[in-house]
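Worksheet: one structure, shown below.
FYI, it's all coordinate maths here, none of it is from the lab. Model, not experiment: these values are computed from the prediction. FYI the Cβ positions are ideal-geometry reconstructions off the backbone, even for glycines, and counts take in every protein chain you see.
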Amino acid sequence: MIRLRAICPAKVNLGLHVVGRRSDGYHEIVTIFQAIDLNDVLEGGIAETLTLTVSDPSIPWDESNLVLRAARLLFARVPRARGCGARLRLTKAIPTGGGLGGGSSDAAGALMLLNELWALQLGPQALLPLAAELGSDVPFFLSGGTALGTGRGATVEPLPPIQERTVVLGCPSFALSTPDVYRALALPLTGDSGDVTVTRLFVKFAEGNDFALAKNDLEAAAFGMRGELATFRDAMSRSGAEVALLSGSGSTVFGLFRAGADVTPIIEILRGEFPGWTLRASRTVASGVRIVPAVT
Ligand code: C5P
């Protein structure tokens, strides 16, 4: 029996500008998504019914449930998928509620894996709207690498891959809720049109491989909720990072370093200064979700 594996990477945002609050309850944003080498793994084979087991019992139901929601969306929208089943197993490595897009990547992985497993033959153009329906960050993970995100983040335009960087991730012991962080911005309604100037600026950062001036507008709200995030971000900046930023709506703060940089001493120092934080090194990658045969 065929068993497949979806390698589902995390992301960081190499800059995130909030243009304003839209009439549909979302916020209009401009962001550069960047996939990194920290992966959840979703594995599965065909079965009579649809089941999901998750490696980490502490994973919140709503987050892990995005995989099942992806499957149910296929049942609802793709006639050939009706009556199909699969036994799925999700092995988590990406922290949840950390602004690293773990749940969104798992959802994109589920769409791609079930598309193959059930031989639905949906191309990228058919998968994109389904991904957007599951969440604002989900479409990015179908292509991954480096990409410009606009609208609510679901409009994705792949960019040439940036020069590889080492990424140091600092995850505090608490998660932040994306709706709470956006709500704390307390912006007036400003309409749904994008910001061409910031879009050009962000594309210039990516094409010039220089993110020193990148900013994340959600920091003000997140730092207001948890002051230690600002303290950590400043410590990461002082450690020689090209840029240190909150990823998405947090709670992860990351620093960007040149490829091959020895970040071990930096990680050790930050661990000493911030007990309770989980520090790890990763690197940028030029891909998104990858479907590979499962090794048994
Ligand atoms: O799209 P997703 O389900 O991931 O978004 C979760 C929540 O985050 C939204 O319901 C909204 O409150 C907030 N959000 C937002 N603007 C965005 C993305 C998310 O306000 N661009």
Under 5 Å between amide H atoms, partner at least 5 residues away or on a different chain: which partners does ARG283 have, H built in plane at 1.01 Å? ASP37, VAL167
Proximal lysines to LYS215, defined as alpha-carbon separation beneath 24 angstrom and excluding residues fewer than eight positions away on the same chain: LYS11, LYS204
Using only the Cα atoms of the range 207-254, what do you get for the radius of gyration and for Dmax, in Å? 10.7, 34
If you project the alpha carbons of the range 165-283 onto the principal axes, what extent comes out on each, in Å, largest first? 46, 33, 19
Between THR278 and ALA212, what length in nm is gained on full extension when 0.36 nm per residue of separation is reduced by their alpha carbon distance? 21.3 nm
Taking the simple approach of a point 7 Å from Cα along Cα-to-Cβ for both ARG80 and ALA93, what is their distance in nm? 3.2
Ordering 208-218, 266-276, 98-108 by per-residue average of other C-beta atoms within 10 angstrom, highest first, gives 98-108, 208-218, 266-276
Residue-averaged 222 nm ellipticity for the chain, from DSSP H runs of 4+ at -39500 (n - 2.57), nearest 500: -10000 deg cm²/dmol
Dimensionless Rg/Rh of the chain, both radii on Cα and Rh by Kirkwood, sits at 0.97
Under the Karplus relation with 6.51, -1.76 and 1.60 and θ = phi - 60°, whole-Hz ³J(HN,Hα) for the range 244-251, x at Gly and Pro, equal 10, 9, 5, 8, x, 8, x, 9
Any number yet on Rg/Rh for the range 108-180, C-alpha, Kirkwood? 1.04
Round to the nearest 0.05 the FRET efficiency obtained for ARG3 and GLU133 when R0 = 25 Å and r is the Cβ-Cβ distance. 0.40
ARG72-ILE269 FRET efficiency (beta carbon distance; Förster radius 45 Å; 0.05 resolution): 0.45
Zone reached by a paramagnetic label modelled 7 Å from SER173 Cα along Cα→Cβ, restricted to the range 233-247 with backbone N below 19 Å, covers 233
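Normalised by the residues of the chain, what does the relative contact order come to in percent, with Cα pairs under 8 Å and at least six apart? Kindly include the intermediate steps, with their values, before the conclusion.
Numbers: 679 pairs, mean separation 83.4, N = 296.
That works out to 28 percent.
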Suppose R0 equals 22 Å. What FRET efficiency, 1/(1 + (r/R0)^6) with r the Cβ-Cβ distance, do LYS204 and ALA261 give to the nearest 0.05? 0.40
Please tell me the relative contact order of the range 74-220 in percent, rounded to the nearest whole number, where contacts are Cα pairs under 8 Å and at least six residues apart. 18
Rg and Dmax [Cα atoms of the range 1-144; Å; Rg one decimal, Dmax integer]: 15.1, 50
